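Heads up, the thing below is written out as structure tokens.
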Amino acid sequence: MDKSEVKRIIDEHIRFMVWDMQLQKWEIETTLDVLEDGDHAVCVADHSYSRASITIDYTRCKDEADVLSTLRHELSHILHAPFDTYRRSIRHLVQDDGAWEAMEHVYKTAAEQTRTAIENMLRYGYGIMPGKRADYVAPSVNPYAEEPEIPHGGAITP
Ligand SMILES: [Zn+2]
């Protein structure tokens, strides 16, 4: 797809998708590039600083639905970023490359399975397709805002 068209789709939808996944505390940078290793997209998330970088290979995007599915896939990876902190923390403790390779395989498989479960929950459990929802009604950000005021020192009487 054309790079500017992919950018337009992301700009139109990302803040709504971030809200749907409650990732507002994250500083998320998206980059459109050509990835050499065959990946459609990659996400690098740093849980310590709540920063994530998503790179999408726009040349591999087929259409708008594909862009949005790819974006949600990468946003889902941010949800398990705390496990990545663990992974990076133990790296220097594993000297055996074969052992590390096996651990990486298990980590990546578990990460993709978790991400798939999140996607299935959103898509099939809640009926939330990737992208901005046309039928969305925003709840009150603070549910307590609608509670009746409690008089100082008193109890609420019906
Ligand atoms: Zn993935």
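So is Glu64 modelled with pLDDT of 95 or more and among the acidic types (Asp, Glu) or not? Against the criterion (modelled with pLDDT of 95 or more and among the acidic types (Asp, Glu)), Glu64 qualifies. Has segment 76-87 got at least one residue that is modelled with pLDDT under 95, assigned to a loop (DSSP other than H, G, I, E, B) and surrounded by fewer than 14 Cβ atoms within 10 Å (Cβ to Cβ)? Scanning segment 76-87, I find no residue that is modelled with pLDDT under 95, assigned to a loop (DSSP other than H, G, I, E, B) and surrounded by fewer than 14 Cβ atoms within 10 Å (Cβ to Cβ), so the answer is no.
The criterion of being among the acidic types (Asp, Glu), free of Cβ contacts under 8 Å to residues at least 60 places away in the same chain and at negative phi holds for Asp2.
Just one residue in the set Ala102, Ala110 is part of a helix (DSSP H, G or I), surrounded by fewer than 19 Cβ atoms within 10 Å (Cβ to Cβ) and away from the ligand (no atom under 14 Å from the Cβ); that residue is Ala102. Screening Glu119 on (1) more than 13 Å from the ligand (Cβ to nearest atom); (2) surrounded by fewer than 19 Cβ atoms within 10 Å (Cβ to Cβ); (3) not small (Gly, Ala, Ser) shows it passes everything except condition (1).
The values are calculated or read from the model by the stated rules, or taken from the named source; none is laboratory data. Just so we're clear, the structure is a prediction, and the values are computed from it rather than from any experiment. All Cβ positions, glycine included, derive from the backbone under ideal geometry; neighbour counts span all protein chains shown.
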